[in-house]
1. For the stretch 22-34, state whether one or more residues are closer than 24 Å to Lys393 by Cβ, of a type outside the set (Asp, Glu) and either assigned by TED's automatic domain parsing to the domain that holds Thr158 or touching a residue at least 60 places away in the same chain (Cβ under 8 Å) (or both).
2. Look through Ile54, Ile43, Ile76 and report the one residue that is touching a residue at least 40 places away in the same chain (Cβ under 8 Å), farther than 26 Å from Ala367 by Cα and outside any loop (DSSP other than H, G, I, E, B).
3. Can you find even one residue in the stretch 115-122 that is of a type in the set (Lys, Arg) and crowded, with 20+ Cβ neighbours inside 10 Å?
4. Provide a single number: the residues in the stretch 167-179 that are surrounded by 23 or more Cβ atoms within 10 Å (Cβ to Cβ) and under 18 Å from Met380 (Cβ atoms).
5. Got a number for residues in the stretch 372-397 being closer than 21 Å to Ala211 by Cβ and part of a strand (DSSP E or B)?
6. Being surrounded by 21 or more Cβ atoms within 10 Å (Cβ to Cβ) and acidic (Asp, Glu) is the filter here, so list the residues in the stretch 142-166 that pass it.
7. List pairs: first residue in the stretch 379-392 and farther than 21 Å from Ala154 by Cβ, second residue crowded, with 19+ Cβ neighbours inside 10 Å and polar (S, T, N, Q) anywhere in the structure, Cβ distance under 8 angstrom, at least six positions apart or on different chains.
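The values are calculated or read from the model by the stated rules, or taken from the named source; none is laboratory data. Note that the structure is a prediction, hence the values are computed from the model and not measured. Virtual Cβ from ideal backbone geometry, glycine too; neighbours counted across all protein chains shown.
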Amino acid sequence: MKSIKDVNFKGKKVLVRVDFNVPLDERKNITDDTRMRESMPTINKLLNDGAAVIIMAHFGRPKKGGFEAEYSLNPIAKHLSEMLNKKVMFTQEVLVDKVAGLSSFLEDGDVMLLENIRFYPEETKGDVAFAEKLAKLGDAYVNDAFGAAHREHASTATIARFFPNDKYFGFLMENEVRNLQKLMNNPSKPFTAIVGGSKVSSKIDILKNLAPIVDNIIIGGGMTYTFLKAMGINIGTSICEEDKLDIAKDLIEEMKRLNTKLILPIDHIIADKFDNEANKSNTEGQSIPDGFMGMDIGGKSIELFKNIILESKTILWNGPMGVFEMPSFAKGTFAVAEYIAKATKKGAFSAVGGGDSVAAINQSGFAKDVSYISTGGGAMLEYLEGKTLPGIKAILD
């Protein structure tokens, strides 16, 4: 793995692709700088070596081509200066030739942030000529943007071909790749995957790819009810993908064939409407009465899942167990977070990924107690589906 750890970049201009796509409030204040903080070790390493650092990042999804004030990285530039405690050169220029003129004045230890790389339409097209222009800005290339690793864009993949001997993973990317490889290539057994979320359709490929690898697949969240209906169990007014019932049946049969245990909730917290203040109750079994919808896993299911999780040596969690955004229906999701943390303390390797799961583990207070939390929702999902991530392949090739 091409890490920056054992390389000294003194005197070099290093192009660093990061994921600084952070949330802003209406006043353009950053409300969560986690993604920026996670790339600080990489940037600081390069600066401590004595390199000049040129940072490339995207923000949002601009569509016009050219500068759009709404998607400018100006707020990020200001915050980055504060984080590094040094002036960051920032240009809102979107002509690469003019940027090249500015970058030529960089000295060792300087930092330059380019304006939103997606202001260039060539970026998302993976344009080779554009990538070559970007490459000429630096002597080496470091990719630390796992959140964009599944995009075959100019700054995340194409550019690497112009640095055959000077392309590297940053520390964040290196950590992601190492942990994902450990998860999928050499897991300790028993291996339990906990897969939740609202739709089976968004997790079909993950379930298919995990089925031959894992020992247990625990299903929770809205996708539960498509599986239950496929098994002939009444689900009341619960969310259900009617057009995916056959796929659910096929997945059930495939897991039986592979001797992979499929564990579905054995009871539910149900409500008469999709509302935190709805009338709710715990079912006795898997069946949900007419006029009610499943909103969370029930007490018996929590106990069932607990025992499986605590006996596991490798755990993957992707997707909540219920509508955890509503406090009335968060118990199951937070219980799973707690048991994953306890299993980790017993020696299990635990990985959490996907926006809702990461939000849940953070809200539960157990984020610090799991082995690994992925920074890239879409990228991690595609890796789990067995797809090749262009941003990773470009560095390894």
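1. Checked against the condition, which is being closer than 24 Å to Lys393 by Cβ, of a type outside the set (Asp, Glu) and either assigned by TED's automatic domain parsing to the domain that holds Thr158 or touching a residue at least 60 places away in the same chain (Cβ under 8 Å) (or both), the stretch 22-34 yields no hits at all.
2. Details: Ile43 fails: farther than 26 Å from Ala367 by Cα; Ile76 fails: farther than 26 Å from Ala367 by Cα.
One residue alone meets the criteria, Ile54.
3. Here is the first cut: in the stretch 115-122, the ones of a type in the set (Lys, Arg) are 118.
If we keep only those that are crowded, with 20+ Cβ neighbours inside 10 Å as well, we get 118.
Scanning the stretch 115-122 turns up at least one residue that is of a type in the set (Lys, Arg) and crowded, with 20+ Cβ neighbours inside 10 Å.
4. Narrowing the stretch 167-179 to residues surrounded by 23 or more Cβ atoms within 10 Å (Cβ to Cβ): 168-170, 172-173, 176.
In the following step, the residues that additionally are under 18 Å from Met380 (Cβ atoms) were identified as 169-170, 172-173, 176.
Residues meeting the conditions: 5.
5. Counting residues in the stretch 372-397 that are closer than 21 Å to Ala211 by Cβ and part of a strand (DSSP E or B) gives 0.
6. Asp144
7. Met380/Asn318; Met380/Ser374; Leu381/Asn318; Leu384/Asn318
Yes/no matrix, rows are residues, columns are (1) out of contact with any Phe, Trp or Tyr (no Cβ under 8 Å at 6 or more places or on another chain); (2) among the charged types (D, E, K, R); (3) surrounded by 18 or more Cβ atoms within 10 Å (Cβ to Cβ); (4) closer than 24 Å to Leu102 by Cβ:
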site: Val14; (1), (2), (3), (4): no, no, yes, yes
site: Asp25; (1), (2), (3), (4): yes, yes, no, no
site: Asn29; (1), (2), (3), (4): yes, no, no, no
site: Phe67; (1), (2), (3), (4): no, no, no, yes
site: Asn74; (1), (2), (3), (4): no, no, no, yes
site: Lys78; (1), (2), (3), (4): yes, yes, no, yes
site: Val88; (1), (2), (3), (4): yes, no, yes, yes
